[in-house]
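The values are calculated or read from the model by the stated rules, or taken from the named source; none is laboratory data. Worth saying up front: this structure is predicted, and the values here are computed from it rather than measured. Glycine also receives a Cβ, built like all others from the backbone with ideal geometry; neighbour counts cover every protein chain displayed. These area figures cover heavy atoms from the full protein model, side chains too; ligands, DNA and RNA do not enter into them. Shrake-Rupley method; radii C 1.70, N 1.55, O 1.52, S 1.80 Å.
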Amino acid sequence: MSDLYLKLVNTSIGKSAAQSLGLPSPLPLKRWKRSDQPFIEGNVLIGAASGGKALSAVANIVNTSAAMLHHASNQDSLKESANAGPKAKPLDITTAIGESFTALIFDGTGIKDAYGLRAVYDFFHPTIRKLANCGRVLVIGRDPESCRSPAQAAAQKALEGFVRSVGKEVGKKGATANLLWLAPGSESHLESSVRFFLSPRSAYVSGQVVRISKKAGKAGASSPTAPLAGKVALVTGASRGIGESIADTLARDGATVIALDVPAAMEQLQAVATRIKGKTLACDITDAKAPDLIADFVRTHFDGLDLIIHNAGITRDKTLGNMPDHFWDLTIAVNLAAEEAINEALLSQELLRPNGRIVCVSSISGIAGNFGQTNYSTSKCGVIGYVEALARQLKNSITINAVAPGFIETQMTAAMPMTLREAGRRMNSLSQGGLPVDVAETIAWYCNPASTGVNGNTVRVCGQSFIGK
Ligand code: NAD
């Protein structure tokens with residue numbers, strides 16, 4: 001369903017009416033358009049607190065794009081920024097700045113205590129007003145769990161509060177702010193995440209913290225235009241909505257997709273599979289025979305699988321006292337138990353190949369809770385717990401992560417009562433709903449062979465919804 005308000009408010013009459021009435025004025029977000037598009041263009045400014053470990057790795061990644069890289073100079077607390085390499089031009093940020101920036105990147109990995117946080121202010125205070133519409137704030141920190149002292153852990157955790165607040169300030173420009181927490185020695189795992197969070201692919205992801213580790217093994221190599229070439233993906237619930245977009249996006253990135261849905265959705269599923277040159281699999285994932293049916297299908301057609309995307313999901317809303325037991329049982333079965341059983345079959349039969357990916361679709365209802373959704377929130381919170389626990393057990397560079405969508409424009413949200421729908425759309429930093437492709441792009445980043453260090457995370461795709469953490 002299209003967002004009429006977003007269209008109206010971006011006409012000249014609509015804009016002034018919204019301003020005079022104090023209503024939100026969301027900007028249309030820039031999304032990914034073509035496979036040969038550079039992940040970032042324009043002026044990018046980088047800076048680092050002293051002792052920063054990620055600066056040169058990040059500068060090298062930005063230098064592979066079409067952007068002009070500048071490094072902050074003339075601030076004592078930011079003198080480390082000069083290590084961004086010869087391609088980065090020094091820019092005195094203590095005087096009036098002429099440029100506007102498509103991205104502001106700050107390496108805070110060297111911050112050791114509360115006083116060190118002053119470098120964050122010194123970098124962003126003179127530059128934040130120069131962030132372009134739909135720009136990116138990206139902060140790199142050190143995982144607090146790997147810090148030696150409580151003071152260092154506190155300062156690194158503090159970056160989360162900073163990013164969440166700055167995301168709320170820049171959201172009105174359609175811009176985002178996110179934080180990558182690095183484990184020591186994981187700088188070589190940064191590439192796919194830096195590319196994703198700087199690019200239009202992350203248009204609806206803001207206020208998020210991602211842990212990057214090196215535990216999972218060496219990061220795989222990937223092509224910028226077809227990162228999933230040669231990969232086989234299973235997408236459940238692929239006939240419509242978010243699942244259809246996931247299938248399209250993974251196929252765009254080069255994967256061969258097995259599109260799975262219930263037998264009743266075969267006609268729509270066939271249309272999706274034909275469009276993306278994939279295969280169809282009619283299956284109710286709650287059927288006791290489903291895990292073996294899927295395993296046999298994979299073995300027969302492909303010998304193995306690289307990407308498992310558990311997207312199929314249902315809601316059966318009722319307040320708890322009014323909820324019949326089959327509403328509870330079916331929601332838990334589809335949204336949680338079936339995913340566990342399918343993974344168990346594919347992993348135990350060694351059908352998921354090395355550097356494979358499992359991605360589960362949770363929901364902000366699973367994080368914040370929601371009135372009338374005790375069953376749904378229970379299942380979607382269970383998904384997060386499952387991802388965190390299985391991430392610690394997986395071997396062969398296989399990872400598992402989750403996305404937690406907020407308000408996404410699909411048939412499900414189009415069916416909501418108008419007032420609830422409008423509230424859902426506007427109650428986030430970007431003042432608009434997301435599109436299925438925003439969830440799909442986030443899943444494609446997890447699936448990238450170079451995302452091996454991204455394991456056990458739940459990233460919200462919610463425009464930094466005001467609901468929940
Ligand atoms: P949707 O209802 O449009 O699509 C869900 C798909 O899953 C359908 O094609 C359906 O046939 C399939 N499915 C349901 N039960 C199945 C079963 N037993 N076996 C096989 N397939 C089955 O929903 P959507 O809005 O595209 O949501 C996709 C996922 O995203 C779900 O897990 C949902 O909970 C989650 N989500 C959606 C939103 C949103 O705003 N739309 C927000 C948060 C989370």
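Restricting to region 206-218, what's the tally of residues that are modelled with pLDDT under 80 and closer than 27 Å to G135 by Cβ? Total satisfying the criteria: 0.
Taking the numbered list (1) in the same structural domain as G453 (by TED's automatic domain parsing); (2) among the β-branched types (V, I, T); (3) under 24 Å from Q37 (Cβ atoms) in turn, T225 passes all entries but (1). With respect to being without any contact (Cβ under 8 Å) to a residue 12 or more places away in the chain and open to solvent by 40 Å² or more (accessible area, probe 1.4 Å), D296 fits the description. Selection of helices (runs of 4 or more DSSP H) fully inside region 309-383 by the criterion of at least 2 residues being touching a strand residue (DSSP E or B) at 6+ places or on another chain (Cβ under 9 Å) and closer than 25 Å to S239 by Cβ returns 338-348, 365-368.
When we screen S222, S213 for residues that are open to solvent by 20 Å² or more (accessible area, probe 1.4 Å), more than 26 Å from A333 (Cβ to Cβ) and more than 17 Å from the chain's Cα centre (by Cα), the only hit is S222. For V9, the conditions (1) at pLDDT 90 or above; (2) open to solvent by less than 30 Å² (accessible area, probe 1.4 Å); (3) hydrophobic (A, V, I, L, M, F, W, C) are fulfilled apart from (1). More than 22 Å from A391 (Cβ to Cβ), acidic (D, E) and surrounded by 15 or more Cβ atoms within 10 Å (Cβ to Cβ), is that true of D287? Judged against the criteria, D287 is not a match. Among the numbered conditions (1) more than 11 Å from the ligand (Cβ to nearest atom); (2) under 22 Å from N375 (Cα atoms); (3) of a type outside the set (A, V, I, L, M), the only one that G313 does not meet is (1). Of all residues in region 236-263, those satisfying the criterion of being within 7 Å of the ligand (Cβ to nearest atom), assigned to a helix (DSSP H, G or I) and open to solvent by 20 Å² or more (accessible area, probe 1.4 Å) are G241, I242.
Filtering region 266-302 to residues that are among the β-branched types (V, I, T) and part of a helix (DSSP H, G or I) leaves V272, T274, I276, I294, V298, T300. Among the residues of region 372-380, is any within 25 Å of I308 (Cβ to Cβ), open to solvent by less than 20 Å² (accessible area, probe 1.4 Å) and basic (K, R)? Looking for residues that are within 25 Å of I308 (Cβ to Cβ), open to solvent by less than 20 Å² (accessible area, probe 1.4 Å) and basic (K, R), one finds at least one in region 372-380, hence yes. When A96 is tested against (1) among the aliphatic types (A, V, I, L, M); (2) open to solvent by 70 Å² or more (accessible area, probe 1.4 Å); (3) closer than 23 Å to G167 by Cα, exactly one condition is not met: (3).
As a summary of the residue check, N428 satisfies the conditions (1) within 16 Å of the ligand (Cβ to nearest atom); (2) touching a strand residue (DSSP E or B) at 6+ places or on another chain (Cβ under 6 Å); (3) open to solvent by 10 Å² or more (accessible area, probe 1.4 Å) except for the one numbered (3).
Output yes when any residue across region 120-127 is in contact with an Asp or Glu (Cβ under 8 Å, 6 or more places away or on another chain) and surrounded by 23 or more Cβ atoms within 10 Å (Cβ to Cβ), and no when none is. Taking every residue of region 120-127 in turn, none turns out to be in contact with an Asp or Glu (Cβ under 8 Å, 6 or more places away or on another chain) and surrounded by 23 or more Cβ atoms within 10 Å (Cβ to Cβ). Please verify whether region 393-413 includes one or more residues that are at pLDDT below 95, open to solvent by 30 Å² or more (accessible area, probe 1.4 Å) and closer than 19 Å to F466 by Cβ. Among the residues of region 393-413, not one is at pLDDT below 95, open to solvent by 30 Å² or more (accessible area, probe 1.4 Å) and closer than 19 Å to F466 by Cβ, which makes the answer no.
Only a single item in (1) out of contact with any Gly (no Cβ under 9 Å at 6 or more places or on another chain); (2) away from the ligand (no atom under 16 Å from the Cβ); (3) in contact (Cβ under 8 Å) with a residue 24 or more places away in the chain is not met by Y446, and it is number (2).
A search for C-beta distances below 8 Å between a residue of region 250-265 that is touching a residue at least 60 places away in the same chain (Cβ under 8 Å) and any residue that is outside any loop (DSSP other than H, G, I, E, B) and within 13 Å of the ligand (Cβ to nearest atom), counting only pairs 6+ apart in sequence or on different chains, returns L250/V235; L250/I309; L250/A440; L250/I443.
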